[in-house]
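Beneath this line is the structure, given in structure tokens, with notes to follow.
The values are calculated or read from the model by the stated rules, or taken from the named source; none is laboratory data. Quick caveat: nothing in here was measured; it's all calculated off a predicted structure. Please note: Cβ atoms are built from the backbone with ideal geometry, for glycine as well, and neighbour counts cover all protein chains shown. Note: areas computed on protein heavy atoms with side chains; ligands, DNA, RNA excluded. Shrake-Rupley method; radii C 1.70, N 1.55, O 1.52, S 1.80 Å.
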Amino acid sequence: MAASRARALPEVSVRSVDVDEAREVGSRVYHRHRVTVLGDARRFAMTLEAATLGPLTIGWLTYDTEVLESAHPAHYQVNIPTAGAIEAVAGGQEVVADRGRAAVFPPDRLARFSGWTMPAPLLALRIAQRALDHELEQLLDRPMRRPP
């Protein structure tokens, strides 16, 4: 009977006014990255609430001043602002993500985004590459010829 019980999601709920701590927490939850404060450094704060279930991590990320994040994620990353917009470079392509358009970052390629000229939560999804690729192969009923 214990095997059929739902397991609790590993959860993170953090607010930090320290750039190094914010980078460290974000790196543990999503992937190693750099955080550069572009706005008023005195207003810097990061809030992250996230949970992981198997190959998926979902969270709400907010910065209180404008920042630039850069990384080479090992997973697919999808970021959707709830207000305002973020400018992103995803897999070599520039995109402005807003409530109607997500920034999708492929694995192992430069990922860079900046925003938060006004503080608002960003929905941040991390999807394990192997899990997504396997699911797509199952849906297509064939091996993938190239990354999506």
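When the criteria are applied in full, R32 fails the requirement of being at pLDDT 95 or above, of a type in the set (D, E, K, R) and exposed (fewer than 14 other Cβ atoms within 10 Å of the Cβ). Applying the condition of being modelled with pLDDT under 95 and part of a loop (DSSP other than H, G, I, E, B) to segment 5-29 and asking which residue is most open to solvent (accessible area, probe 1.4 Å) yields R7. Of the residues in segment 98-114, at least one is open to solvent by 40 Å² or more (accessible area, probe 1.4 Å), farther than 27 Å from S13 by Cβ, basic (K, R) and in a strand (DSSP E or B).
Per the conditions (1) of a type in the set (D, E); (2) open to solvent by less than 50 Å² (accessible area, probe 1.4 Å); (3) assigned to a strand (DSSP E or B), the sole criterion not satisfied by D133 is (3).
Do you know which residues across segment 36-73 are aromatic (F, W, Y) and surrounded by fewer than 19 Cβ atoms within 10 Å (Cβ to Cβ)? Correct list: W60 only. Between A120, A124, the distinction of being open to solvent by less than 20 Å² (accessible area, probe 1.4 Å), part of a loop (DSSP other than H, G, I, E, B) and among the small types (G, A, S) belongs to A120 only.
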